[in-house]
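Undergrad: Provided herewith is a single structure, encoded as structure tokens, for subsequent inquiry.
The values are calculated or read from the model by the stated rules, or taken from the named source; none is laboratory data. All figures in this text were calculated on a predicted structure; none of them were measured in a lab. Cβ placement follows ideal geometry from the backbone for every residue including glycine, while neighbour counts extend to all protein chains displayed. Ligands, DNA and RNA are stripped out before the accessible areas are found, and what is left, the full protein with its side chains, is counted by its heavy atoms. Shrake-Rupley method; radii C 1.70, N 1.55, O 1.52, S 1.80 Å.
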Amino acid sequence: MKMLATILLLVVSNVFMTFAWYGHLKLQEMKISTNWPLYAVILFSWGIALLEYSFQVPANRIGFRENGGPFSLVQLKVIQEVITLIVFTVFTSFLFKGEQFHWNHVAAFACLVLAVYFVFMK
């Protein structure tokens, strides 16, 4: 159960993280934040990032082996990176129609999936 809770919290965390990091670009494209000063964009992103941390920290606490979870620190980090890439890919595909994925992006994704395999290998 802790494995599933950790992964779900990481997914939610990464959705907020992706919006914090890249959502302002979509707002700018939509002419919503075009005239915002940089500090306003940063504060807006920080507000979203606070929500991200509200899920990321519990995910790491629940999932960490030293706290009774199923994952080592390295495993948590690799899982988080793969989730980040998946969430980013979905985000980009739906919100930024001009961005295209190429074979090298797929190859990089495959390498990260292999990283998950290797980090769990005994």
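Undergrad: Would you confirm, using the coordinates I've provided, whether L27 is of a type outside the set (V, I, T), open to solvent by 70 Å² or more (accessible area, probe 1.4 Å) and assigned to a helix (DSSP H, G or I)? Walk me through how you get there before you give the answer.
TA: Values: of a type outside the set (V, I, T): yes; open to solvent by 70 Å² or more (accessible area, probe 1.4 Å): no; assigned to a helix (DSSP H, G or I): yes.
No.
Undergrad: Would you point out which residue out of V106, V90, V78 is open to solvent by less than 70 Å² (accessible area, probe 1.4 Å) and at pLDDT below 90?
TA: Values: V106 fails: open to solvent by less than 70 Å² (accessible area, probe 1.4 Å); V90 fails: open to solvent by less than 70 Å² (accessible area, probe 1.4 Å).
Answer to the check: V78.
Undergrad: Conditions: (1) of a type outside the set (S, T, N, Q); (2) within 20 Å of L112 (Cα to Cα); (3) open to solvent by 60 Å² or more (accessible area, probe 1.4 Å). F19 meets all but one. Number of the miss?
TA: Going through (1) of a type outside the set (S, T, N, Q); (2) within 20 Å of L112 (Cα to Cα); (3) open to solvent by 60 Å² or more (accessible area, probe 1.4 Å) one by one, F19 breaks only (2).
Undergrad: Output the residues belonging to segment 49-95 that are in a helix (DSSP H, G or I) and in contact with a Ser or Thr (Cβ under 7 Å, 6 or more places away or on another chain). First the steps, then the outcome.
TA: Initial filter on segment 49-95 (in a helix (DSSP H, G or I)): 49-63, 65-67, 73-95.
Once the filter is applied, which keeps residues that are in a helix (DSSP H, G or I) and in contact with a Ser or Thr (Cβ under 7 Å, 6 or more places away or on another chain), segment 49-95 yields E52, F55, Q56, A59, I62, G63, R65, V87, F88, F91.
Undergrad: Look through segment 39-68, keep the residues that are free of Cβ contacts under 8 Å to residues at least 40 places away in the same chain and among the aromatic types (F, W, Y), and return whichever of them is least open to solvent (accessible area, probe 1.4 Å).
TA: So the residue we want is F64.
Undergrad: Something else now. Can you tell me how many residues in segment 93-103 are under 24 Å from L9 (Cα atoms) and either small (G, A, S) or surrounded by fewer than 15 Cβ atoms within 10 Å (Cβ to Cβ) (or both)? Don't jump to the end; show me each part of the working.
TA: Pass one, segment 93-103, residues under 24 Å from L9 (Cα atoms): 93-95.
Now drop any that are not either small (G, A, S) or surrounded by fewer than 15 Cβ atoms within 10 Å (Cβ to Cβ) (or both), which leaves 93-94.
Residues meeting the conditions: 2.
Undergrad: M3 - would you say it is closer than 18 Å to I86 by Cβ, open to solvent by less than 40 Å² (accessible area, probe 1.4 Å), in contact with a helix residue (DSSP H, G or I) (Cβ under 9 Å, 6 or more places away or on another chain) and among the aliphatic types (A, V, I, L, M)?
TA: Numbers: closer than 18 Å to I86 by Cβ: yes; open to solvent by less than 40 Å² (accessible area, probe 1.4 Å): no; in contact with a helix residue (DSSP H, G or I) (Cβ under 9 Å, 6 or more places away or on another chain): yes; among the aliphatic types (A, V, I, L, M): yes.
Spelling it out, it is not the case that M3 is closer than 18 Å to I86 by Cβ, open to solvent by less than 40 Å² (accessible area, probe 1.4 Å), in contact with a helix residue (DSSP H, G or I) (Cβ under 9 Å, 6 or more places away or on another chain) and among the aliphatic types (A, V, I, L, M).
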